[in-house]
Amino acid sequence: MKLNIHFGMGHNKVLSNLYKRPFTVRNPNTNKDVKFESVEHAYQSLKGGKFDEVTYSNPRWKQGGVKIRGKFKTDIKTSIPLMRKLMAKSFKQNPTALAALKATGRAEFTHSPDKTIWAKEFPKILSDLRRNL
């Protein structure tokens, strides 16, 4: 069975990185924990290898389900490990979301109609986390 995860299409939103699932992660600039509203919030704020205060502080993150591009460019070598780390922290700190992930059983995840690297990598990370958390 295939299970598509896509917030904008309303497919299994609770497992989406856009879903409002607050969690904390260490700010590499200050070495202090910072609260993020979603995995996407954390990813866009941290993807350049340093903390992007402008992206982080955008009040639209509070509403959930938003994607605001950070000002720093994405480095493909660090992007996927960063996303894996952020998704793992988010699920570990949100037991209800982790239970929803585990409840998918052996379903094959998809991320359609995405055409970026995340069409392949996002489902792979979800599957790995389901198996290992």
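Read the figures in this text as sums done on the coordinates, not as results from a lab. This one's a predicted model, so the numbers in the text were calculated from it and none came from an experiment. Ideal geometry is used to build each Cβ from the backbone, glycine not excepted, and the neighbour counts take in all protein chains shown.
Bridge orientation summary for the chain: considering DSSP beta bridges with both residues in this region, about 60 percent are antiparallel.
Shape call for the chain from the C-alpha gyration tensor, a ≥ b ≥ c root eigenvalues: rounded (a/c under 1.5), prolate (a/b greater than b/c) or oblate?
prolate
Qualifying trypsin sites (Lys or Arg not before Pro) in region 48-122, where qualification requires a DSSP coil assignment and no more than 14 other C-beta atoms within 10 Å, comprise K50, R69, K71, K73, R106, K115. Go through region 76-88 residue by residue and turn each phi into a ³J(HN,Hα) via Karplus (6.51, -1.76, 1.60, θ = phi - 60°); whole Hz please, and just put x for glycine and proline. Using θ = phi - 60°, the values come out as 4, 5, 9, 4, 5, x, 5, 4, 4, 4, 5, 5, 4 Hz. The separation of region 19-51 from region 108-133, counted between C-alpha centres, amounts to 20 Å.
Taking each of K2/K50; K20/K73; K35/K120 in turn, the alpha-carbon distance tops 32 angstrom for K2/K50.
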